[in-house]
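Beneath this line is the structure, given in structure tokens, with notes to follow.
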Amino acid sequence: MPDFAPGGKELDCQQTLLVIKPDAVRRRLVGEIIRRVEADRFRICDVRLTHLERARAEEFYAIHQGKEFFAPLVDFMTSGPVMALRLERPDAVRRLRELAGATDPKQAKPGTIRADFGTTTRENVIHASHPDENPEQEIRFYFGNHR
Ligand code: CMP
């Protein structure tokens, strides 16, 4: 079903990347997370379960290189498989970040995925592309040139 802005104009679809992190895969939260994004009218365009090699995790999080949490973040992201999903809906990037909640689960709004399931700032269940951190490039990282 298409989405419409007030006045009846059809809204453009946008794509974003969701990564379900190793903590969530281990804790069998994949189904619940996908249920939530589908209930919010995201369409799943592509999905991939993969175990990142260290160099790949370092590349994905290169923007955080030099920060004190970088090495433990890479340890965590390579500690088990992740599930990457290419998702689509109008306003996808902003909306997925809203569903995700703040990076620190303790600061996240009640009802968001991180508030409900995150345990620490690092083990925060999912990654959702940030509008300033090139969602297109993040999608390509997992899915190559998909269009
Ligand atoms: P994510 O949205 O995937 O983007 C970068 C990740 O680094 C973040 O989620 C957390 O997993 C992790 N991270 C960010 N800030 C911190 C921090 N202060 N301490 C530990 N981990 C962090």
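Taking the stretch 107-134 on its own, how many of its residues are assigned to a strand (DSSP E or B) and either hydrophobic (A, V, I, L, M, F, W, C) or more than 9 Å from the ligand (Cβ to nearest atom) (or both)?
Of the residues in that region, 2 qualify.
On the basis of being of a type outside the set (Phe, Trp, Tyr), within 16 Å of the ligand (Cβ to nearest atom), modelled with pLDDT of 95 or more and in a helix (DSSP H, G or I), does Val74 make the cut?
So Val74 passes the test.
Residues of the stretch 93-106 being assigned to a loop (DSSP other than H, G, I, E, B) and within 11 Å of the ligand (Cβ to nearest atom), which ones?
Within the stretch 93-106, Gly101, Ala102, Thr103, Asp104, Pro105 qualify.
Only one of Pro105, Pro81 is modelled with pLDDT of 95 or more, of a type outside the set (A, V, I, L, M) and in contact with a Gly (Cβ under 6 Å, 6 or more places away or on another chain). Can you tell me which?
Exactly one of Pro105, Pro81 is modelled with pLDDT of 95 or more, of a type outside the set (A, V, I, L, M) and in contact with a Gly (Cβ under 6 Å, 6 or more places away or on another chain), namely Pro105.
Which one is nearest to the ligand (Cβ to nearest atom), of the residues in the stretch 37-55 that are surrounded by fewer than 16 Cβ atoms within 10 Å (Cβ to Cβ) and in a helix (DSSP H, G or I)?
Arg54
Looking at the structure I just gave you, is His64 of a type outside the set (Phe, Trp, Tyr), modelled with pLDDT of 95 or more and under 17 Å from Thr121 (Cα atoms)?
yes
Give all pairs with beta carbons closer than 7 Å in which a residue from the stretch 54-69 that is farther than 17 Å from Ile20 by Cα meets a residue that is among the basic types (Lys, Arg) and at pLDDT 95 or above; count only pairs at least 6 apart in sequence or on separate chains.
Pairs that qualify, where the first residue is farther than 17 Å from Ile20 by Cα and the partner is among the basic types (Lys, Arg) and at pLDDT 95 or above, are Phe69/Arg122.
Please specify each residue of the stretch 1-42 satisfying the condition of being among the basic types (Lys, Arg) and modelled with pLDDT of 95 or more.
Within the stretch 1-42, Lys21, Arg26, Arg27, Arg28, Arg35, Arg36, Arg41 meet the criteria.
What pairs come out if I take residues in the stretch 103-125 that are more than 12 Å from Ile33 (Cα to Cα) and small (Gly, Ala, Ser) and pair them with residues that are at pLDDT 95 or above and outside any loop (DSSP other than H, G, I, E, B) whose C-beta lies under 8 Å away, six or more apart or interchain?
Ala108/Ala100; Ala108/Arg114; Ala108/Ala115
Is it the case that Val93 is in contact with a Leu (Cβ under 8 Å, 6 or more places away or on another chain) and either touching a residue at least 60 places away in the same chain (Cβ under 8 Å) or within 20 Å of Thr16 (Cβ to Cβ) (or both)?
When the stated conditions are applied, Val93 does not pass them.
Identify all residues within the stretch 108-120 that are among the β-branched types (Val, Ile, Thr) and either touching a Gly at 6+ places or on another chain (Cβ under 8 Å) or over 19 Å from Pro72 (Cβ atoms) (or both); write none if there are none.
Selection gives Thr112, Ile113.
Take Arg86 and tell me if it is among the basic types (Lys, Arg) and within 21 Å of Arg48 (Cβ to Cβ).
Answer is yes for this residue.
Would you be able to say whether some residue in the stretch 82-92 is closer than 17 Å to Tyr142 by Cβ, within 14 Å of the ligand (Cβ to nearest atom) and assigned to a helix (DSSP H, G or I)?
No, the stretch 82-92 has no match at all.
The values are calculated or read from the model by the stated rules, or taken from the named source; none is laboratory data. If you're wondering where the values come from, they're calculated on a predicted model, not measured in any experiment. Positions of Cβ are backbone-derived with ideal geometry, glycine not excepted, and every protein chain shown enters the neighbour counts.
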